[in-house]
Amino acid sequence: MRILLHVCCGPCAVYPLQRLRAQGHEVTGFFYNPNIHPYQEFRRRLDAVRQLAGATGCPMTIDDHYGLVDYLHQVVFHEEERCPRCYAMRLARTVETAVAGGFDAFSTTLFYSKYQNHRLLIDQCEQLAREQGIGLQYEDFRLGWQEGIDEAIRMGLYRQPYCGCIFSEQERYDKQLRKRNRGVR
C-alpha cells in the first residue's frame, strides 16, 4: 500500500518508518505540526525530519509554515482539551493530504509515543478514515520505543525534551520548579 505517515518529529518516525517499510508498504512522510513552540524548536524538529528523510531516502512532504497562531486559535480557552484538539487538527490535515494524493492509507508517528493518549488517537483516526473513505494503517509502534530511540541516537537526530506545544513546555518547567522548591525549605 501507499501510506502517508504523519510525522511529528524525526526520532518518533524512525521505528514506524522501519516497520511499515518492512511490511512492504511505500511510505511518504508528512510533517505538519503547527503546535510546536518556540520557533527555534520548530526549526530544530524540521531540520531533524529533513535529516531523517535524507538518511533513509523517505520522500517527505513538509509544511514548513510556522502555524502557532492557527494552533492557538484551536486551543486557547480550551486548554483542558488541548491534546484532543491538537490531534484532530494535525490528523485532519494528514487525511486531507492523503486523500488528495491518492494514498491507500494513512498512519501517524503519534502511535509511537508513550506520552500520547493512544486510545483517543485510534478513535480519531478511525473516525477520519470512515468519514473520508481512506484506509488507516494502525500499529502500536510503542512496542519499538527503545529501538527507535537507539536508532535516532545512532543517526544523530535532534531529540526534543517535550511534546512541542507551549503548554507542555510550561509543564516541563513547572516540574523542574517544583523539584527545586522542594529542596529549598
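Annotations
- Computed with the Debye formula from one identical point scatterer per Cα of the stretch 1-82, without solvent, the log10 of I(q)/I(0) at q = 0.15, 0.17, 0.27 Å⁻¹ comes to -0.58, -0.70, -1.24.
- Arranged from fewest to most other beta-carbon atoms within 10 Å of their beta carbon, 97, 108 become 97, 108.
- Calculated [θ] (222 nm, deg cm²/dmol) that DSSP helices of n ≥ 4 give over the chain, each run adding -39,500 (n - 2.57): -17500 deg cm²/dmol
- Under 5 Å between amide hydrogens, built in the peptide plane, is the criterion, and for residue 136 it picks out 106 among residues at least 5 positions away or on other chains.
- Distance between the pseudo-spin-label points of residue 74 and residue 104 (7 Å out from Cα toward the beta carbon): 2.8 nm.
- Relative exposure of 128, 68, judged by other C-beta atoms within 10 Å (fewest first): 68, 128
- Helix axis angle, 39-56 relative to the chain longest principal axis, alpha carbon, degrees: 40
- In the chain, the DSSP beta bridges split such that about 0 percent are antiparallel, to the nearest 5.
- Largest-first principal axis extents, alpha carbons of the stretch 64-126, Å: 36, 27, 18
- Between helix 166-182 and the chain: long-axis angle, C-alpha atoms, 0 to 90°, nearest 10: 40
Quick note: the coordinates plus some simple rules give every number you see, no bench work behind them. Values in this document were obtained by computation on a predicted structure and should not be read as measured data. Here Cβ is always computed from backbone atoms with ideal geometry, including for glycine, and neighbour counts include all displayed protein chains.
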